[in-house]
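Notes follow the structure.
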Amino acid sequence: MNDLTIIQITDTHIRAAGELLHGCVDTMANLTVVLDRLRNGSRIDALVLSGDLTDNGSPEAYRRLAAAVEPVAAELGATVVYAMGNHDERTAFGVELLGLDADSIDPEQPHDSVVMVDGLRIIALDSSTPGHHNGRLEANQLAWLTEELRTPAPRGTLLVLHHPPIPSANPAAEVLKLQEAEQLAAVVAGTDVGMIVCGHNHFTAASALAGIPVWLGPAVAYRLDPMAPAGRHRGIAGFGYSRIDVVGTAFVVTAVEATPAPAVYDRAQSDVLDELAAFAAESH
């Protein structure tokens, strides 16, 4: 029933071969699990990777990421959208993921982009600032976004940025969020932006900015415990991704668990639908 399906993959934190994140997390293995799960016959129109794609910005890590993602996207016929995060490095990101010449890249200038996917406009904003972990959008980026949004897209706009433009009850996330988010709110208010998707926090959450839903997708690397004991900041094992369906003018987003786990049941969908139809008929 969906018109379009977008997959958000965020906070992959890929490192060089043989390196584990925090000494215990094989982030490439996690990403491989996610990508393998996407090869299930479902239609996927775009893969959106929303920042912290590598852990330290190394060219080798970006090459490993691209070598994993690009073939799967080609197999699915899906458009790939890459967005910068605070752990990313602009020159290596531009060369290895965007195909830019290193000499053409100014590391002080953000990597912003806009693509159309069957009438849906996907705008990726680079909310990173070199040398900082919190987020910011510069005046020229906001001016560019304002101009882009002057003309509505046939199916609206999905706005992608790494740093959440919303408050958080987690003290670290509150410090590291997008700064001066009210400036972004003023730009997107009243436009065709139907949803804003982010990463960064390593936990799933939702809120709104200027009346527009904001979604924080689950990280591929590991989870931040949003209910850690008082006074503790704790990362825990587990990972996932997000499925975003465009149904008419509505955006429907679902967090998908990817941590390996035993099935409770695995039935033919047609059998389940037949049973539900029979139950509905009996209830009338």
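Here are the numbers:
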read-out	value
Number of the condition not met by Thr249 [criteria: (1) open to solvent by 60 Å² or more (accessible area, probe 1.4 Å); (2) of a type in the set (S, T, N, Q); (3) out of contact with any Lys or Arg (no Cβ under 9 Å at 6 or more places or on another chain)]	(3)
Qualifying residues in the stretch 90-130 (those that are open to solvent by 20 Å² or more (accessible area, probe 1.4 Å) and of a type in the set (Ser, Thr, Tyr)) - the one nearest to the chain's Cα centre (by Cα)	Ser113
Qualifying residue in the stretch 260-272 (condition: in contact (Cβ under 8 Å) with a residue 12 or more places away in the chain and open to solvent by less than 30 Å² (accessible area, probe 1.4 Å))	no
Breaking point among (1) more than 24 Å from Ala205 (Cα to Cα); (2) open to solvent by less than 60 Å² (accessible area, probe 1.4 Å); (3) at pLDDT 95 or above, for Asp3	(3)
Flag if Val175 is under 21 Å from Arg234 (Cβ atoms) and in contact (Cβ under 8 Å) with a residue 12 or more places away in the chain	yes
Unique match (being open to solvent by 30 Å² or more (accessible area, probe 1.4 Å) and at pLDDT below 95) among Glu182, Glu174	Glu174
Qualifying residues in the stretch 26-61 (those that are assigned to a helix (DSSP H, G or I) and of a type in the set (Gly, Ala, Ser)) - the one farthest from Ile7 (Cα to Cα)	Ala61
Per-region count, the stretch 145-171, residues surrounded by 13 or more Cβ atoms within 10 Å (Cβ to Cβ) and touching a Pro at 6+ places or on another chain (Cβ under 8 Å)	1
Unique match (being more than 30 Å from Asp26 (Cα to Cα) and either within 13 Å of the chain's Cα centre (by Cα) or assigned to a loop (DSSP other than H, G, I, E, B) (or both)) among Thr146, Thr151	Thr151
Which numbered condition Ala206 fails, given (1) of a type in the set (A, V, I, L, M); (2) closer than 20 Å to His133 by Cβ; (3) open to solvent by 60 Å² or more (accessible area, probe 1.4 Å)	(2)
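The rows are residues; the columns are (1) free of Cβ contacts under 8 Å to residues at least 60 places away in the same chain; (2) of a type outside the set (Phe, Trp, Tyr); (3) farther than 23 Å from Ala255 by Cβ; (4) buried (at least 16 other Cβ atoms within 10 Å of the Cβ).
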residue	(1), (2), (3), (4)
Thr10	no, yes, no, yes
Leu35	yes, yes, no, yes
Gly41	yes, yes, no, no
Ala61	yes, yes, yes, yes
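The values are calculated or read from the model by the stated rules, or taken from the named source; none is laboratory data. This is a predicted model, so every value here is computed, not measured. Note: ideal-geometry Cβ built from the backbone for every residue, glycine included; neighbour counts use all protein chains shown. With ligands, DNA and RNA removed, areas are computed over all heavy atoms of the protein, side chains included. Shrake-Rupley method; radii C 1.70, N 1.55, O 1.52, S 1.80 Å.
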